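K.L.:
Just passing along the structure, written as structure tokens.
The values are calculated or read from the model by the stated rules, or taken from the named source; none is laboratory data. Being a predicted model, the structure only gives us computed values, none of them experimental. Note: ideal-geometry Cβ built from the backbone for every residue, glycine included; neighbour counts use all protein chains shown. Ligands, DNA and RNA are excluded from the accessible area calculation, which covers all protein heavy atoms including side chains. Shrake-Rupley method; radii C 1.70, N 1.55, O 1.52, S 1.80 Å.
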Amino acid sequence: MKNFAKIAMAAMVAASAMSANAGRLWIVGDGVHSGWDLDGATALLSTAAEPEVYTGTVYLYGGKDFKFLTTTDWGGLEYGSAEGTTGDNGVTALASGTSDTGYGKLTVAENANYLLTVNLTNMTMTAVKSDYQQTEITDCSLFMIGDATEGGWSVDEGTPLYQQAETPYVYKSGKVALKAGSFKIATTIKGGGTFNQKYYYFRDADNAGKIALDQDGDLQWQIAEADDYLVDVNTAEGTISISKSTGTGVGAVGTVAVDETEEYYTLQGIKVSEPASGLYIRVRGTQREKIVIK
């Protein structure tokens with residue numbers, strides 16, 4: 001079962017059907033790090049190729065309840081365990097309902113990172129301990145937000161970065177069309193919609209190849225030329241790679257994909273479009289320096 005789940009996840013991640021319209025199931029409850037806070041709820045993703053199968057790796061607390069929501073608000077369709085099921089061999093029969101009725105609690109036995117596969121065609125959830133247990137995984141998915149993306153600044157239409165089963169701290173876009181513009185990366189949909197910086201990875205102030213969570217200043221990655229790109233994020237190493245997916249002109253952050261036009265910020269990290277006289281931080285590509293404008 002473990003190998004089958006991994007193969008299924010890998011196949012979905014590699015599928016060319018990745019799109020900004022990926023299906024989402026949000027996991028909430030005492031069994032996950034964000035608890036019942038919908039702003040912080042992470043989402044399992046499906047793909048257009050298998051729209052009824054949702055996957056994601058996340059740290060779960062043994063013996064504590066969780067369930068799945070189909071929206072980022074209360075009162076919608078929810079999924080939990082079917083009455084009388086025990087989760088034998090990591091497989092639990094699911095039932096649907098609303099507001100904690102029509103289904104029971106979902107639990108796992110031990111604290112660990114689990115690869116979850118929710119199949120709404122046969123109404124089952126498979127929970128398999130991940131091979132990766134070095135750190136607690138809290139995000140099943142990430143979302144690119146910005147005018148460089150298909151969904152623009154609508155967080156609900158964020159372009160998904162798909163978690164990798166073998167390395168659940170790595171998130172990949174697959175081939176995705178980006179426009180000239182900028183983007184940042186939301187860790188959640190509902191919380192991201194508040195544009196609170198704690199729900200975002202930003203471009204590191206000193207290195208465009210690095211990500212920075214909850215950073216002062218709305219620093220974003222700049223895309224100079226519309227094309228198909230590959231975006232890979234490694235949260236364990238704090239790195240990002242942006243490259244054209246075509247066979248020519250492939251480049252990482254700071255070369256082909258990143259626009260090195262100048263940006264100006266106050267010392268408090270506030271972006272200034274037309275700086276007047278004073279002291280500013282000038283950002284040009286990966287370079288960051290203090291300057292005085294007279």
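K.L.:
Please specify each residue of segment 171-204 satisfying the condition of being hydrophobic (A, V, I, L, M, F, W, C) and in contact with a strand residue (DSSP E or B) (Cβ under 7 Å, 6 or more places away or on another chain).
P.N.:
176, 177, 178, 180, 183, 185, 186, 189, 202, listed by residue number.
K.L.:
Same structure, new question: Select, from 122, 113, the only residue that is touching a residue at least 40 places away in the same chain (Cβ under 8 Å) and not β-branched (Val, Ile, Thr).
P.N.:
Working: 122 fails: touching a residue at least 40 places away in the same chain (Cβ under 8 Å).
Being touching a residue at least 40 places away in the same chain (Cβ under 8 Å) and not β-branched (Val, Ile, Thr) holds for just one of 122, 113, which is 113.
K.L.:
Based on this model, can you work out whether residue 92 counts as open to solvent by 10 Å² or more (accessible area, probe 1.4 Å) and under 18 Å from residue 201 (Cα atoms)? Reasoning before the result, please.
P.N.:
On the way: open to solvent by 10 Å² or more (accessible area, probe 1.4 Å): yes; under 18 Å from residue 201 (Cα atoms): no.
Criteria not met by residue 92.
K.L.:
Among what's in segment 128-157 and is in a loop (DSSP other than H, G, I, E, B) and hydroxyl-bearing (Ser, Thr, Tyr), pick the residue that is most open to solvent (accessible area, probe 1.4 Å). Don't jump to the end; show me each part of the working.
P.N.:
First, pick out the residues of segment 128-157 that are in a loop (DSSP other than H, G, I, E, B): 130-140, 146-154.
Still in the list and also hydroxyl-bearing (Ser, Thr, Tyr): 130, 132, 135, 138, 149, 154.
Numbers: 130: 13, 132: 29, 135: 73, 138: 43, 149: 1, 154: 48 Å².
That would be 135.
K.L.:
Can I ask one more? Taking segment 111-127 only, how many residues are part of a strand (DSSP E or B) and out of contact with any Pro (no Cβ under 9 Å at 6 or more places or on another chain)?
P.N.:
Quick first cut of segment 111-127, residues part of a strand (DSSP E or B) only: 112-119, 124-127.
Pick out the ones that are also out of contact with any Pro (no Cβ under 9 Å at 6 or more places or on another chain) and you get 112, 114, 116-119, 124-127.
Residues meeting the conditions: 10.
K.L.:
Is it the case, given these coordinates, that residue 42 is closer than 25 Å to residue 198 by Cβ and either aliphatic (A, V, I, L, M) or in contact with a helix residue (DSSP H, G or I) (Cβ under 6 Å, 6 or more places away or on another chain) (or both)? Break it down into steps so the answer makes sense when it comes.
P.N.:
Working: closer than 25 Å to residue 198 by Cβ: yes; either aliphatic (A, V, I, L, M) or in contact with a helix residue (DSSP H, G or I) (Cβ under 6 Å, 6 or more places away or on another chain) (or both): no.
Against the criterion (closer than 25 Å to residue 198 by Cβ and either aliphatic (A, V, I, L, M) or in contact with a helix residue (DSSP H, G or I) (Cβ under 6 Å, 6 or more places away or on another chain) (or both)), residue 42 does not qualify.
K.L.:
Considering each residue of segment 48-70, count those that are open to solvent by 30 Å² or more (accessible area, probe 1.4 Å) and either in contact (Cβ under 8 Å) with a residue 40 or more places away in the chain or charged (D, E, K, R) (or both), and give that number. So that I can check it myself, show each step before the final result.
P.N.:
Within segment 48-70, the subset open to solvent by 30 Å² or more (accessible area, probe 1.4 Å) is 48-52, 59, 61, 63-65, 70.
Among the residues that remain, those that are also either in contact (Cβ under 8 Å) with a residue 40 or more places away in the chain or charged (D, E, K, R) (or both) are: 50, 52, 59, 61, 63-65, 70.
Adding up the residues that qualify gives 8.
K.L.:
Then there's this: Considering 13, 32, which residue is among the β-branched types (Val, Ile, Thr), open to solvent by less than 20 Å² (accessible area, probe 1.4 Å), touching a strand residue (DSSP E or B) at 6+ places or on another chain (Cβ under 6 Å) and at pLDDT 95 or above?
P.N.:
Values: 13 fails: at pLDDT 95 or above.
On inspection, the qualifying residue turns out to be 32.
K.L.:
Moving to a separate point now. Does any residue of segment 170-179 turn out to be outside any loop (DSSP other than H, G, I, E, B), touching a helix residue (DSSP H, G or I) at 6+ places or on another chain (Cβ under 8 Å) and closer than 26 Å to residue 94 by Cβ? Let's see the steps before the verdict.
P.N.:
Filtering segment 170-179 down to residues outside any loop (DSSP other than H, G, I, E, B) leaves 170-172, 176-178.
Next cut, touching a helix residue (DSSP H, G or I) at 6+ places or on another chain (Cβ under 8 Å) only: 172.
Checking the rest, the ones that are also closer than 26 Å to residue 94 by Cβ come to none.
There is no residue in segment 170-179 that is outside any loop (DSSP other than H, G, I, E, B), touching a helix residue (DSSP H, G or I) at 6+ places or on another chain (Cβ under 8 Å) and closer than 26 Å to residue 94 by Cβ.
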